[in-house]
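The values are calculated or read from the model by the stated rules, or taken from the named source; none is laboratory data. It should be emphasised that the depicted structure is a prediction, and the values quoted were computed from it without experimental measurement. Accessible surface is based on the protein model in full, side chains and every heavy atom, while ligands, DNA and RNA are left aside. Shrake-Rupley method; radii C 1.70, N 1.55, O 1.52, S 1.80 Å.
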Amino acid sequence: NRACRNLWGLSEEWLVAKPTQGEVFDRLRETRRLPEQPNFSAWKNEHLELYEGGERKIDEFWYLPDGQSLRVMARPNLLGGVYMLFDDISERLRLETSLAMDAQVQQATLDTLEDGIAIFGSDGLLKLHNSAFAKLWRLQESDLAGKPHLKTVARLAASRVGRDSLWDIVAASVNASEPERYGDWSRVERADGRIVSLSMSRLPDGATIVSFKDFTDVERFQAGLNERTKFAN
């Protein structure tokens, strides 16, 4: 069809002569419109074996010299010959690569923060987290892989540090229509005695960002300072 002709840059006049598949491959190789092959003859013969009958099929990706990416599917035609479908996936791959790079940048940025950060989607699934979050709750990266649900994360955290009200507050915020009402909790004592602050806010896509800061050492230092001041007086 016209889309196939335009995709490969083949003229209507040349196609009217009904070239063979092998001749098409040779023409495309001359114009550098096929994936680079260390042994072109073997590659061509392998693809031409489809015409020998049988149930052999092809479903593969071609990465062309000009940067174009195609998914190529070939199937025996019930009326004889071979049916080939070329799907240009170049833009889709560029978008997926861009999104993956954005995610890597986001992750790298989060990992520079000292606060424990977790982002939960509106469905309750963990979208992103940083290493400080995992460390604060004594969780392994394997525990957090695969986008676990908030309930799963809360259960795992409770198994490591003990159950307290912190994750009940988080759950209420993620499920609330207006999480700002649960915005800041200046100090909450965790089950293991550590003092943690908690803040939450809603992102434009409906996800909730949860931030934990461990104030335990600050509190202990302040308490010790107060004690020394009291003793000096």
Query raised in the report: What does the accessible area per residue of the chain come to in Å², with a 1.4 Å probe and no ligands, DNA or RNA counted?
Result: 63 Å²
Query raised in the report: At q = 0.17 Å⁻¹, what base-10 log of I(q)/I(0) does the Debye formula yield for the chain when every alpha carbon is treated as an equal point scatterer in vacuo?
Result: -1.17
Query - Projected-area average for the range 10-96 over all orientations - Cα convex hull basis, square nanometres - result: 6.8 nm²
Query raised in the report: What accessible surface, in Å², does a 1.4 Å probe find on W14, ignoring ligands, DNA and RNA and rounding to the nearest 10?
Result: 60 Å²
Query - Heavy atoms of M84: accessible area, 1.4 Å probe, square angstrom to 10 - result: 50 Å²
Query raised in the report: Top mean-square fluctuation among R56, R190, R138, Gaussian network model of the chain, C-alpha springs under 10 Å?
Result: R56
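Across every pair of different alpha-carbon atoms, what Kirkwood hydrodynamic radius in Å does the range 126-168 reach?
With all distinct Cα pairs of the range 126-168 included, I get 10.5 Å.
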Query raised in the report: Taking every eigenvalue of the Cα gyration tensor of the range 54-117, multiplying by 5 and rooting it, what semi-axes result, largest first, whole Å?
Result: 42, 13, 8
Query raised in the report: By its C-alpha gyration tensor, with a ≥ b ≥ c as the square roots of the eigenvalues, how is the range 1-55 shaped: rounded for a/c under 1.5, else prolate for a/b larger than b/c, else oblate?
Result: oblate
Query - Of all accessible heavy-atom area on the range 10-158, the percent that carbon and sulfur account for (1.4 Å) - result: 53 percent
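Accessible area, 1.4 Å probe, largest first: how do H149, H47 sort? Walk me through the intermediate numbers first.
Values: H149 65, H47 10 Å².
Ranked list, largest accessible area first: H149, H47.
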Report summary line: One finds the C-alpha centres of the range 77-92 and the range 1-36 to be spaced, in Å, by 14 Å
Query raised in the report: Straight-line reach from K151: which lysines have Cα under 22 Å away, leaving out those fewer than 8 places along the same chain?
Result: K127, K135, K213
